[in-house]
Amino acid sequence: MLDMEKLGRMGTECGFTHVAPLDVSTITLLQDVRDMCAANTCGQYGKNWCCPPGVGEIPELEERVRKYKKGILVQTVGELEDSMDWEGMMEAEQQHKKSFNKMHRLLEEEYPDLLAIGSGTCTRCKECTYPDQPCRFPNNTFGSMEAYGMLVSEVCKKNDLAYNYGPKTTSYTACFLID
């Protein structure tokens, strides 16, 4: 049984703005979300082990996810000067990734079989080895919720976590499947 109070404190101590319980049965992996990745607006499609198609196909990802019943959603909400505050967005993203990596290390001690699913593309290496060489850090890189085919706003909604915090904010959401 997951101790949500303990996990919530741990998440706050790691720097997350919000931590919420996650019922894995509410997760649906959608090809439509993966198709949005294929539009390659971020420039990482087919160039990163943690992005499609390198992260795996929907049936393989479905098999990984369905091994779990529960988990937690973690979220970082950043304040922006205005809707075009790119620097503020990047600061919030970096804080989120820092918090995510710290939380992953802590959770891994207690839950060695957890599945960590991040936010955005992996940026651990300046240049990814995909597809020519294996990942340099296969145990410390994470596919994103979107790469898995999750519509993040729906996962949040189904688990009673806000996704949008209003104008002049940005949010980054990730999850840890634990139990």
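Laboratory data are not the source of any read-out in this text; all were calculated from the coordinates shown. Note that the coordinates shown come from a computational prediction; the quantities given were computed from them, not determined experimentally. A quick note on method: Cβ atoms are made from the backbone with ideal geometry, for glycine too, and the neighbour counts reach across all protein chains shown.
When Cys51, Cys128 are sorted by how many other C-beta atoms sit within 10 angstrom of their C-beta, beginning with the fewest, the order is Cys128, Cys51. Can you work out the FRET efficiency for the pair Lys98 and Leu30, with r the C-beta to C-beta distance and R0 = 25 Å, to the nearest 0.05? E(calc), rounded to 0.05, equals 0.30.
For the range 4-177, a simple Cβ point-charge model (Lys and Arg +1, Asp and Glu -1, everything else neutral) yields a dipole of about 420 debye relative to the Cα centre. Once backbone amide H atoms are built at 1.01 Å from N, Cys50 has Cys122 as its partners under 5 Å, excluding neighbours fewer than 5 places away on the same chain. Between Phe137 and Glu79, the contour length at 0.36 nm per residue exceeds the alpha carbon distance by 17.7 nm.
Here the 3J(HN,Hα) profile of the range 122-132, calculated from phi with Karplus coefficients 6.51, -1.76 and 1.60 at θ = phi - 60°, is 5, 10, 4, 9, 4, 9, 6, 7, 4, x, 7 Hz, Gly and Pro shown as x. Value of Rg to Rh for the chain, rounded to two decimals, is 0.94; Kirkwood radius and Rg both from alpha-carbon coordinates. D by Stokes-Einstein for the range 1-88, Kirkwood Rh over Cα pairs, 20 °C, 1.002 mPa s: 135 µm²/s.
With the Cα gyration tensor of the range 32-127 in hand, give its eigenvalues times 5 under a square root as the equivalent ellipsoid semi-axes, listed largest first in whole angstrom.
Values: eigenvalues 114, 85, 33 Å².
After diagonalising the Cα gyration tensor, the semi-axes are 24, 21, 13 Å.
Going down the table (Lys6/Lys70; Lys69/Lys158; Lys70/Lys158; Lys6/Lys67), which pairs top 18 Å between alpha carbons? Before the final figure, lay out the partial values.
Working: Lys6/Lys70 15 Å; Lys69/Lys158 15 Å; Lys70/Lys158 13 Å; Lys6/Lys67 23 Å.
Correct reply: Lys6/Lys67.
Here the gap between Lys157 and Leu2, fully extended at 0.36 nm per residue and compared with their Cα-Cα distance, gives a gain of 53.7 nm. Shown here is the pair-distance distribution of the range 58-97: with all Cα-Cα distances grouped in 10 Å bins from zero up to the longest one, the shares run 25, 29, 23, 22, 1 percent. No disulfide-compatible partner, judged by a Cβ distance under 4.7 Å, exists for the following cysteines of the chain: Cys14, Cys37, Cys42, Cys51, Cys125, Cys128, Cys135, Cys156, Cys175.
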